[in-house]
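Bear in mind these aren't lab numbers, they're just calculated from the coordinates by the rules spelled out. Because the structure is predicted, anything quoted here is derived from the model rather than measured. Positions of Cβ are generated from backbone atoms using ideal geometry, with glycine treated the same way; all protein chains shown enter the neighbour counts.
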Amino acid sequence: MQKEIKLRNFHEAKWDEPIVCELSVPGQRGILIPPAEKGIQNEIGDIEKVIPASLKRKKAPNLPEIAQPQVLRHYLRLSQETMGQEIVADIGLGTCTMKYSPKINEQFVRNSKFADLHPLQDDETTQGILEIIYKAEQCLKAISGMDAFSFQPGGGGQAVFSNASVLKAYHTARGEGEQRNEIITTILSHPVNAASPATKGFKVITLMPDPKTGCPSVEALKSVVSEHTAGLFITNPEDTGIFNSQIKEMVDIVHSVGGLCIADQADYNGLFGICRARDAGFDMCHFNLHKSFSSPHGCMGPCCGAQGVKEELAQYLPKPRVKFDGEKYYWDYDGKTSIGKVRKFYGVVATVLRAYAWIMAMGAEGLREVADTAIINNNYLMKKMLTNVKGISAPWQEGEFRMEQVRYSWEKCKEDTGVGTEDIERRAGDYGLQSYFLSHHPWLIAEPMTPEPTEAYSKADLDEYAAIFEKISEEAYSDPELVKNAPYKTAISKVSHPGIDDPNDLIVSWRVYKKKKGLK
Amino acid sequence: MKKIGLIINPIAGMGGRVGLKGTDGADTLQKAISLGAKAEAENKTVKALLALQEAAPENSFIIYTCSGKMGEYACQKAGISPIIVYHPDAMTGAQDTKNAVEEMQKRNMDCLVFAGGDGTARNICQAVGDQALVLGIPAGVKIHSAVFATKPTNAGKLLAAFCQNKTAEKESEVMDIDEDAFRNGQVSARLYGYLRIIYAPNLVQSLKSGGVFNNKEANFGIADYMIDHMEKDVYYLIGAGTTTRAIMERLRLPYTLLGVDIVQNKKLICQDANEKEILEMIDNKPFKIVVSVIGGQGYIFGRGNQQFSPVVLQKAGKENIQIIATLDKLVALQGKPLLLDTGDSVTDKLLAGFYQVLSGYDEHYVYQAVYE
């Protein structure tokens, strides 16, 4: 029996909290560290002389002076004005795969056995973490079908760039570096698939979607491949959630002219155990361990874009890589043909550790269940949205199932009521939802919305999510101004776009703030 | 305080409701009236003015308009007291639109707002060229031009934003069709010119592209790439349009907005060339054609660039045609292909297929061109 869905009478905390620098009171401080004992002082000498002059600031940094309780209060207040995966059903952020990050994995990375490791320690003293990195690589090889992985790239964007670098190195080594100067991508691929090769100096040719299927046209691809083609960079599946049934054919076309094929699998959630990049003929791929593999997101910070390649390309991967000689694990710094380092030391190893723990906890069958559940959740939600919510549609291949996400359109609602996706997104905040992802630019689908309900959400979560949009749609049709002026119950009210976009109003630091506001 | 000039074409839109394909020409108007057509433009203008009043700060604008049906009545219905600058006869026509524009120009309007369709836009374009900032309230039967707000209330909102200096401006196509041909079932719209319009992404064009693109910068990106890759001694036939014009501007050469200019080694060889001149110039010599896309429609040949005749196009071949268009323009086609209508089916067939459209500096999008 369908349980009645009661929408929350939500209201976010609103502290009107000043910027931390504004809280500064000269003379306030945190704890005082007691002076070192006499014996230590005698041993070390004058601490001022221990630090080389070249490393010392000439002027003390202008940090806020605040006592510890005020610091704690400040950040707790801000945290109450923050929405996120751990406080709401964060279904809205499609392409980001906002799944639950098991807390046991946090205990692993915060454990002193891991946290106190130093990257310059001798291999003999770090066999445990080396074994984990090595075994995580074996797992990803099995999951993707590729022959070697590097965990050095610090995010998906860097992994795509690193793949572009490997591609360049491969063609150059074959004497075709100058000739093969064109990359093909699709407009619905993550923008980095165009940006990274362009940064490497390639001419980037972009395919548009077929107006009927929403997938890139094979005929269009055939029209642009040539002896200049270096490779195809494509997000698969694209963020529309539409399964590209011609992907193998596309790969074969690019291979037929000597190009390589690179799959952006930042979001792999709908494919675990179902199909592998290598089996579709791809030569390289990457996974965002901070997405599909449960590690928390970190905006190019504590992330990992695991970069996988076929055997013949392994020599170009970033170095060092962890190897195993049958007895012990070690960092292999050889590799004369490597593209070099792309990140300090070994990349973000904490993310690898979390992902490895997650993979081992899930097991092979569990990973397949992730994809199955993510797809079922997504199609259940799509059915509810398209059936119950007025003014929304799922363009391209209407009536067909989707993979792990859907790019919806509120175009009809906008035409009927004047209420568009940005209004609806803000109004969703009044019902306790994190904002949702609209679309990468340009908007090929008008008034877009791209949620992704991963495997982590229950039927009750999905029902509540759909009910919220059913309610907002009703509001749009009965009282459009109510939605247009939203939000009313969040920490920040409606912000005008021109103000955000105007570089003259942009303030990125306290120093700039003071300058623009004329403060001393 | 902004000075807004308002001109209504009172008969605009009257043909549509009674099944005529426009209201241009006295005979058509009479026929429309006899079929029971009612004036639509005034009501639509009232809607725009009400929206303007609601959204604009007090005392932020003043309306200058014409007496009676050409603006005064609409202002009264919206509760606005305008300044009357022109008094038309009872039976208004295209000349009245032009006269009204002239009177407003004398008074230095900040912008000219007109209610009408493509025919009215054409008259305004003839009268002001690029000398005034304008905005159309969509009220005609034919709305092919890109100079109109998406609906009357949005025109009002856009004007309110303009009064608060929150809008940008851009050049947009004035398109019109041969109405006689249209009534006989033949659609043949052509590029007639460009108007500088008040612009805010979500109120002028449909919100298909979402991104905030600066058209001028995008055009210059395209132009710079074209110039950087011009080959020695090759003739470049630069077609009509604002995207192509950017190439001439960057080369600091005179240009013809609605014609073909020929450039070789970055120097102007022939301005506003006709078919005969083009054929003489390119005889057995290497040349390339550079064309832009007509916004919203997708035509690349056969609309306003007849100088690129089937003979010229066949000599060029598909490989020597470079299509240029901003990504904004491509996305606004909503997946519709580029269109060929050279008037010769053999040429159309020869040129059909996929092109790499240049959309920015070294940005290439694969797009299909078809013929109907």
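Beta-bridge orientation, chain B: approximately 40 percent antiparallel, per DSSP, counting only bridges with both partners inside.
Distances between placed amide hydrogens fall under 5 Å for residue A:177 paired with A:172, all partners being 5 or more residues away or on another chain.
Each label point was placed 7 Å from the Cα along the Cα-to-Cβ direction; for residue A:203 and residue A:62 their separation is 5.0 nm. Relative to the longest principal axis of the Cα atoms of chain B, the long axis of helix B:152-163 lies at roughly 90 degrees. Proximity of backbone amide H atoms, modeled 1.01 Å from N, is registered between residue A:94 and A:437, A:450, A:452 at under 5 Å, excluding neighbours fewer than 5 places apart on the same chain.
As an equivalent ellipsoid, segment B:215-371 spans semi-axes of 21, 20, 13 angstrom, where each value is the square root of five times an eigenvalue of the C-alpha gyration tensor, largest first.
Per residue of peptide B:335-346, the mean number of Cβ atoms on other chains within 10 Å of the residue Cβ is 1. When +1 charges are put on Lys and Arg Cβ atoms and -1 charges on Asp and Glu Cβ atoms, the dipole computed for chain A relative to its Cα centre reaches about 1740 debye. Taking the fewest neighbouring Cβ atoms within 10 Å as the starting point, the ordered list for B:230, A:208 is B:230, A:208. Counting only DSSP beta bridges with both residues in chain A, the antiparallel share comes to about 45 percent.
In terms of overall dimensions, segment A:138-360 has a Cα radius of gyration and Dmax of 16.6, 57 angstrom. An oblate overall shape is assigned to segment B:104-170, the ratio a/c of its alpha-carbon gyration tensor axes (a ≥ b ≥ c) being 1.5 or greater and a/b not exceeding b/c. Averaging the Cα positions of each part gives two centres, and for segment B:309-346 and segment B:219-233 these lie 19 Å apart.
Among B:324, B:143, B:80, the largest mean-square fluctuation in a Gaussian network model of chain B, built with springs joining Cα atoms closer than 10 Å, belongs to B:80.
How much of the DSSP bridge set in segment B:215-371 is antiparallel, in percent, rounded to the nearest 5? The antiparallel fraction comes to roughly 50 percent. Residue-wise HN-Hα couplings along segment B:112-122, as the Karplus relation 6.51 cos²θ - 1.76 cosθ + 1.60 with θ = phi - 60° gives them from phi, are 10, 10, 10, 10, x, x, 4, x, 5, 4, 4 Hz; Gly and Pro carry x. When the Cα positions of A:395, B:116, A:377 are compared along the charge dipole of the protein assembly as shown, B:116 comes out farthest toward the positive end, with charges on each C-beta of Lys, Arg, Asp and Glu.
For chain B, set up a GNM with springs between Cα atoms under 10 Å and report which of B:147, B:101, B:234 has the largest fluctuation. Between B:147, B:101, B:234, it is B:234 that shows the largest mean-square fluctuation. Taking a ≥ b ≥ c as the square roots of the Cα gyration tensor eigenvalues, chain B comes out prolate, since a/c reaches at least 1.5 and a/b is larger than b/c.
Using a simple spin-label model with pseudo-atoms 7 Å out from Cα toward Cβ, residue A:6 and residue B:62 lie 6.1 nm apart. Above 11 Å, the calculated P(r) of segment B:213-254 contains 64 percent of its Cα-Cα pairs. With a 10 Å cut-off around each Cβ of A:174-184, the average count of Cβ atoms from other chains is 0. Relative contact order for chain A: 19 percent, from Cα pairs under 8 Å spaced at least 6 residues apart, divided by residue count.
With the convex hull of the Cα atoms taken as the outline of segment A:272-401, the averaged projected area works out to 11.5 nm². Shape of the protein assembly as shown from its Cα gyration tensor (a ≥ b ≥ c, root eigenvalues): rounded if a/c is under 1.5, otherwise prolate when a/b > b/c, or oblate? Judged from the Cα gyration tensor, the protein assembly as shown comes out prolate (a/c at least 1.5, a/b above b/c). Normalised by the number of residues in segment B:215-371, the average gap of Cα pairs under 8 Å and 6 or more apart makes the relative contact order 23 percent. Listed peptides B:360-372, A:396-408, A:422-434 appear in the order A:422-434, A:396-408, B:360-372 once ranked by packing, highest mean of other Cβ atoms within 10 Å at the front. With θ taken as phi - 60° and the Karplus curve 6.51 cos²θ - 1.76 cosθ + 1.60 applied, the whole-hertz 3J(HN,Hα) list for segment A:26-43 is x, x, 6, 7, x, 7, 9, 7, x, x, 5, 5, 3, x, 5, 4, 4, 5 Hz, x standing for glycine and proline.
From helices alone, the protein assembly as shown scores -10500 deg cm²/dmol at 222 nm; the rule is -39500 (n - 2.57) for each run of n ≥ 4 DSSP H residues, then divide by the residue total.
Note on segment A:297-340 and segment A:140-173: Cα centroid distance 9 Å, given to the nearest whole angstrom.
Once backbone amide H atoms are built at 1.01 Å from N, residue B:270 has B:262 as its partners under 5 Å, excluding neighbours fewer than 5 places away on the same chain. Each residue of segment B:256-273 was assigned a 3J(HN,Hα) from its phi angle through the Karplus curve 6.51 cos²θ - 1.76 cosθ + 1.60 (θ = phi - 60°); the sequence is 10, 4, 10, x, 10, 10, 10, 10, 9, 6, 6, 10, 6, 9, 7, 9, 6, 6 Hz, with glycine and proline shown as x. Under the criterion of Cα pairs below 8 Å and six or more residues apart, the relative contact order for segment A:138-360 equals 28 percent. Taking every alpha-carbon pair within segment A:80-189, the share separated by more than 16 Å comes to 78 percent. What translational D, rounded to a whole number of µm²/s, comes out for segment A:103-256 from Stokes-Einstein when the hydrodynamic radius is the Kirkwood one over Cα pairs, at 4 °C and 1.567 mPa s? It comes out at roughly 71 µm²/s.
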